[in-house]
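Inspection log for the structure reproduced underneath, given as structure tokens.
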Amino acid sequence: MDINYLVRKAEKKDINLIYDLSNDPLVRKNSINSKRILWKEHLNWFEKKINDKDCVFYVIFDDKGEFIGQVRYEINNNTAIVSISITKYFRGKKLSVPILKYTARLLFKEKENVNEIHALIKPGNISSIKSFQMAQYIFKENTCIDGEIYSVYILNR
């Protein structure tokens, strides 16, 4: 069964959806910061992100208006770091790969200075590793952040 999806920029009205998704146990487990996010912290963070010219923040919905997830690109010079989260209901439905490919094309079109996208993935997160590989990301190296090892996958323009 194919699921049609719509991608748009995150807006203020998405704050609760992003908060709930960000505190999903699996999302927290696979994030660099694995601690539960407090509402007050989220309010400040979300407001900054949707207004930051160096952050491209997409939300994804199915054609019935159900929230699928989010993809965020944090831009630093010519590189973007990608973050993707899919809601529990839509996990395992083979949406990550097309969403990653589509939003990367949108990013490269909008931000012409960005030459590559980096994904930082915990080595035990096999489903994310497979999704990024299927989306044409190539393993570059392992890196250490706050004492934890992450695999770096790169997509070039």
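The values are calculated or read from the model by the stated rules, or taken from the named source; none is laboratory data. This one's a predicted model, so the numbers in the text were calculated from it and none came from an experiment. With ideal geometry, Cβ positions are generated from the backbone for all residues, glycine too; neighbour counts draw on all protein chains shown. For accessibility, only protein heavy atoms count, side chains too; no ligands or nucleic acids. Shrake-Rupley method; radii C 1.70, N 1.55, O 1.52, S 1.80 Å.
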- Task: Considering only protein heavy atoms, with the full assembly of protein chains and a 1.4 angstrom probe, order Asp2, Asp24, Asp63, Asp52 by accessible area, largest first.
- Result: Asp2, Asp63, Asp52, Asp24
- Test item: Cα-centred dipole of the chain, Lys/Arg +1 and Asp/Glu -1 on Cβ, debye: 220
- Note on the structure: Taking protein heavy atoms only, a 1.4 Å probe, and rounding to whole percent, the accessible area of the chain owed to carbon and sulfur comes out at 51
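Regarding the chain, what is the average projected area of its C-alpha convex hull, in nm²?
Mean shadow area of the hull around the Cα atoms is 9.0 nm².
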- Expressed in nm to one decimal, what extension gain is obtained for the pair Asp63 and Glu41 from 0.36 nm per residue of sequence separation less their Cα-Cα distance? 4.8 nm
- Cα gyration tensor shape for region 1-42, rounded if a/c is under 1.5, else prolate or oblate: oblate
- C-alpha center-to-center spacing [region 38-56, region 1-33] in angstrom: 13
- Query: Which value in deg cm²/dmol, rounded to the nearest 500, describes the helix-derived mean residue ellipticity at 222 nm for the chain, given -39,500 (n - 2.57) per DSSP H run of n ≥ 4 and division by the residue count?
  - Reply: -9500 deg cm²/dmol
- Towards the positive end of the charge dipole of the chain, with charges on Cβ (+1 Lys, Arg; -1 Asp, Glu), say which of Ile154, Tyr73, Tyr5 has the farthest Cα. Tyr5
- Whole-Å distance linking the alpha carbon centroid of region 67-88 with that of region 130-145 is 14
